[in-house]
Amino acid sequence: MTKTVHHWIGGKTVEGTSDAHGSVTDPATGEVTARVAFATVDEVDAAVAAARDAFATWGTTSLSRRTAILFRFRALLDAHRDEIAELITAEHGKVHADALGEVARGMEVVELACGITTQLKGELSTEVAGRVDVASIRQPLGVVVGITPFNFPGMVPLWMFPLAVACGNTFVLKPSEKDPSVTLRIAELAAEAGLPDGVFNVVQGDKVAVDRLLEHPDVAAVSFVGSTPIARYVHATATAHGKRVQALGGAKNHMLVLPDADLDAAADAAVSAAYGSAGERCMAISAVVAVGAIGDELVARIKERAEKITIGPGHDPASEMGPLITAAHRDKVASYVNGAAAQGAEVVLDGTGFTVPGHEDGHWIGISLLDRVSVTSDAYREEIFGPVLCVLRVDTYEEGIALINASPYGNGTAVFTRDGGAARRFQLEVQAGMVGVNVPIPVPVGYHSFGGWKDSLFGDHHIYGNDGVHFYTRGKVVTTRWPDPADAPAGVDLGFPRNH
Ligand code: NAD
């Protein structure tokens, strides 16, 4: 009997009633390990109602009580980080050390939420006019929704709901149907920390659940992370229904390697950032742009390192890279490698057809390295989301930055160089939301904000950090006069109020 993954509504497990369901698979074995019940419209409505009812008291719960709960939640995540990482590996496939990193980066945002008192202090100006003070405050929005992707089933929900609830909102999460179990464990830990029933809810589901959340009249805002086509759809649909929306999409992240770069450091970084988590990261480096004569040497050093990567089940401590999420995704990734030579690339490493003995039904693919990739080829134009690194050759910095800036995506990017002036120029000229200088995966710490440009983000706000606090609150400005009893009456004045 496989287990069934249910919803978490109003502080308890709620069994799904619909026949519509998905299958959760262990990517390392191909075995179906769970059945996930897809929410009906009524079940989504029940989750939103639970969140709306909880908001009536949570929105005015004192900051000290909110932060006390968040501190306890952080301690529970810390105590259970191994267990959470194991749940991630079992359904996503990434190796345990990588899953632990995901938990740690998610916890950074919980730490930011623990300090929400400072973020919500507001501003006060006294005596802006005679006996008049002005205060700017930020208040919660109400019910906020999160819709999250398969590739960070623990971290991305943690980017969203701790900060949202710290700001006084209540939350409904719709996690990926491919690896949904970890969010239920996180919900249990939040409840154990003292989060009142209904403040954080989880509905499992597919498009039916998402569409209901996007149009629901009681939902105030939507945070989405996923692929670009769905991000665009979520942004268009939810804004049409009057919601505030941040929708983070896909990526094609470039690493520009200048001729003066430390080639060993650049090769180490390219291999770690391209093949970590089997390339299933929105901040993975998927295109290296080699400037000048270093191309051959750089490719040789990348190849030498990439060939040594140990691929195997995520729970095996010897494994450095695990399987892909589904067999269908593995086949799609393989199709880019198989079509690369016909579109002009040199296939330096071909990871297609790879398997792990004893785990033949797992969703395996090996390491692929494509050199001299053309900007018009499918392997370059599309987000492959697998362990495939494309190398492109250019003669000059100017050619390199033009190539990067012509990409429709603008999530992360990196420059590798020893020249501070060139690095400074790159960080100012490149059209991307997150830039690394000799840092290949520049995912901002929790107290800065994460977000891309162009087709990598729809909406005005990046996620977490100061942008997150702004996204999950709205401003109010209060102008106050307390006249002195000795003041003469102001009298009627139909002129526009002036301060003097
Ligand atoms: P996805 O877009 O397929 O799914 C994301 C969420 O949207 C899931 O919860 C899914 O159930 C839902 N969804 C899927 N199709 C839908 C539809 N037609 N209508 C309504 N909802 C739908 O993404 P994924 O495959 O789970 O995740 C991988 C993608 O996410 C990659 O493109 C990756 O770059 C991107 N990603 C981006 C970031 C970022 O911060 N920019 C972070 C992580 C992942």
Next on the checklist: What pairs come out if I take residues in the range 54-66 that are β-branched (Val, Ile, Thr) and pair them with residues that are part of a loop (DSSP other than H, G, I, E, B) whose C-beta lies under 8 Å away, six or more apart or interchain?
Outcome noted: Thr57/Pro196; Thr60/Gly168; Thr61/Gly168; Thr61/Pro196
Checklist entry - Would you pick out the residues in the range 188-213 that are closer than 18 Å to Glu15 by Cβ and away from the ligand (no atom under 16 Å from the Cβ)? => result Glu188, Ala191, Asp197, Gly198
Checklist outcome for this item: Counting only helices (runs of 4 or more DSSP H) wholly inside the range 391-494, the ones holding at least 1 residues that are β-branched (Val, Ile, Thr) and in contact with a strand residue (DSSP E or B) (Cβ under 8 Å, 6 or more places away or on another chain) are 397-405, 465-471
Checklist entry - If Val469 passes every condition in (1) more than 16 Å from the ligand (Cβ to nearest atom); (2) open to solvent by 60 Å² or more (accessible area, probe 1.4 Å) but one, which one does it miss? => result (2)
Next on the checklist: Would you confirm whether or not the range 113-128 contains a residue that is of a type in the set (Val, Ile, Thr) and part of a strand (DSSP E or B)?
Outcome noted: yes
Checklist entry - Can you find even one residue in the range 166-173 that is of a type outside the set (Lys, Arg), within 16 Å of the chain's Cα centre (by Cα) and open to solvent by less than 20 Å² (accessible area, probe 1.4 Å)? => result yes
Item to check | Lone unmet requirement of (1) open to solvent by 40 Å² or more (accessible area, probe 1.4 Å); (2) out of contact with any His (no Cβ under 9 Å at 6 or more places or on another chain); (3) more than 16 Å from the ligand (Cβ to nearest atom) for Lys332 | outcome: (3)
Checklist outcome for this item: the range 257-343: helices (runs of 4 or more DSSP H) wholly inside it with 1 or more residues that are in contact (Cβ under 8 Å) with a residue 60 or more places away in the chain and within 19 Å of Leu370 (Cα to Cα) are 263-275, 295-306
Next on the checklist: What are the pairs with Cβ atoms under 6 angstrom where one residue, in the range 99-118, is without any contact (Cβ under 8 Å) to a residue 24 or more places away in the chain and open to solvent by 30 Å² or more (accessible area, probe 1.4 Å) and the other, located anywhere, is aliphatic (A, V, I, L, M) and part of a helix (DSSP H, G or I)? Sequence gap at least six, or different chains.
Outcome noted: Leu100/Ala85
Checklist entry - Within the range 253-266, can one find any residue that is within 14 Å of the ligand (Cβ to nearest atom), open to solvent by less than 10 Å² (accessible area, probe 1.4 Å) and modelled with pLDDT of 95 or more? => result yes
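The values are calculated or read from the model by the stated rules, or taken from the named source; none is laboratory data. Model, not experiment: these values are computed from the prediction. Don't worry about glycine lacking a Cβ; one is built from the backbone with ideal geometry, like all the others, and counts go over all protein chains shown. Accessible surface areas use protein heavy atoms only, side chains included; no ligands, DNA or RNA. Shrake-Rupley method; radii C 1.70, N 1.55, O 1.52, S 1.80 Å.
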